[in-house]
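This report refers to the structure that appears directly beneath it.
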Amino acid sequence: MTHSALPEETPELQAAKTFGQSLGAPPSGSDSSVWIREAWKKAAELGVFEVLIPEEALDVEVVMSVLEGVGMGCTGEGFPLALGAHCFGFSAPLLGFGSEEQKELVPSLRDGSVMGALAATETEAGSDVMSLKTRFRRDGDDYVLQGAKCFITNAREADYFLVLATKDPRLHFRGLSAFLVPRATRGLEVGIDEPRMGMHGCSVSSVWLDDVRVSRSAMVGSVGQGASVFQHALTWERSMLAGFHLGVMRRQFLAALEYAKERRQFGRPIGANQYVAGRIVDMLSRYRTSYLLVRNTLTQLSLGTLTPGEASLTKLYVSEAALASGTDAFRIHGGMGLMEGSEVGRELRDALGGIVYSGTSEIQKVIIASELGLGS
């Protein structure tokens, strides 16, 4: 049943998986910058950005294959997150709300020669992004931005930032606007790649904006439309990033199945133990369910019918399923999972990131409940 239990590996999936495998394991910290740039170049050569930043209709079958293949092949979930920040957090809202002048940047985003980052999160405005403190004010024909961002994926390498700022925090979502800010803009400063226990293969840094002056044409969308721009980015992120998880879960299932057949204890393969076998069946069940959910979600996204609550439901289920499967894989491998360099240990650490980035699982539940009419 092994092969029939899983969807067929399409040529696109196999190519994306081979690409991910070719990257090798990413280093952590300051040493990762060269690795990321080289990986970025390889992704561009394969055409990953062209698939994930569609100028026209989203090709669900091809996108599914590329997302899953990259997730399956990459060592760690950091580089897939970098791809997501660029393609979904930055490029998707630029395509959806950008002016014709701003969209002239799109070809460079699609060929990988330019990297983008979404700068929204702040120390006091993570899940509650509407409480952000970064301000903008009008000064003649320009806007001036003042504030600080944190946990910004791709910040160290990004050429452009999509910055979310408010005219007045008391206006809540009505005060938000989004701005396209080149990295070289005077007053913009990027911090170090923050040390973390997992998610290597991307940079995560703080960004400071000290009287950053941009022209009126830098605003993405209209005044007060920042909340819509940000929601568009999140809808794409939460839907598409789930596809990378599929590849990880597929790889974990196959590896755990093989290990359970080969590893022997008490004179027989550990897979003969019902507790171990049950975990492997759970891993398969989560993967198959997640696969169907992601496919349905991307179909709705391509048709323009996907709601924020449905995107949150996909993000919630698939990220929690990935964490549960990571935990099962860790348990099946026992003490080996604790050893330095253990693949299942690394995958479990990375899976923890999935229930936090692009909104925590708890926030996804609040969004879903609100769409069900249960909000206060």
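The values are calculated or read from the model by the stated rules, or taken from the named source; none is laboratory data. This structure is a prediction, so every number in the text was calculated from the model and none was measured. Here the Cβ is made from the backbone with ideal geometry for all residues, glycine too, and neighbour counts use every protein chain on show.
Of all residues in the stretch 115-136, exactly one satisfies the criterion of being surrounded by fewer than 18 Cβ atoms within 10 Å (Cβ to Cβ) and modelled with pLDDT of 95 or more, namely Arg135. Among the residues of the stretch 260-269, are any assigned to a helix (DSSP H, G or I) and of a type in the set (S, T, N, Q)? No, the stretch 260-269 contains no residue that is assigned to a helix (DSSP H, G or I) and of a type in the set (S, T, N, Q). If you check Gly96, Gly76 for being in contact with an Asp or Glu (Cβ under 6 Å, 6 or more places away or on another chain) and either in contact (Cβ under 8 Å) with a residue 60 or more places away in the chain or at positive phi (or both), only one passes: Gly76. Scanning the stretch 243-278 for residues that are surrounded by 17 or more Cβ atoms within 10 Å (Cβ to Cβ) and more than 27 Å from the chain's Cα centre (by Cα) yields Leu257, Tyr259, Ala260, Ile270, Gly271, Val276. Note on the stretch 29-138: enclosed helices (runs of 4 or more DSSP H) holding 3 or more residues that are among the aliphatic types (A, V, I, L, M), under 17 Å from the mean Cα position of the chain (by Cα) and under 20 Å from Thr299 (Cα atoms) are 48-52, 60-73.
Put simply, of Leu338, Leu293, Leu303 the only residue that is on the phi < 0 side of the Ramachandran plot, surrounded by 15 or more Cβ atoms within 10 Å (Cβ to Cβ) and either at pLDDT below 95 or not assigned by TED's automatic domain parsing to the domain that holds Gly24 (or both) is Leu293.
Conditions tested, residue by residue: (1) closer than 19 Å to Gly84 by Cα; (2) not in a helix (DSSP H, G or I).
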{"residue": "Ala277", "(1), (2)": "no, no"}
{"residue": "Tyr287", "(1), (2)": "no, no"}
{"residue": "Leu298", "(1), (2)": "yes, no"}
{"residue": "Leu306", "(1), (2)": "yes, yes"}
{"residue": "Ala311", "(1), (2)": "yes, no"}
{"residue": "Ser319", "(1), (2)": "yes, no"}
{"residue": "Ala324", "(1), (2)": "no, no"}
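Of all residues in the stretch 191-210, at least one satisfies being touching a residue at least 60 places away in the same chain (Cβ under 8 Å), buried (at least 22 other Cβ atoms within 10 Å of the Cβ) and among the β-branched types (Val, Ile, Thr). What are the residues in the stretch 326-358 that are within 22 Å of Tyr291 (Cβ to Cβ) and not in a helix (DSSP H, G or I), if any? Matches in the stretch 326-358: Ile355, Tyr357, Ser358.
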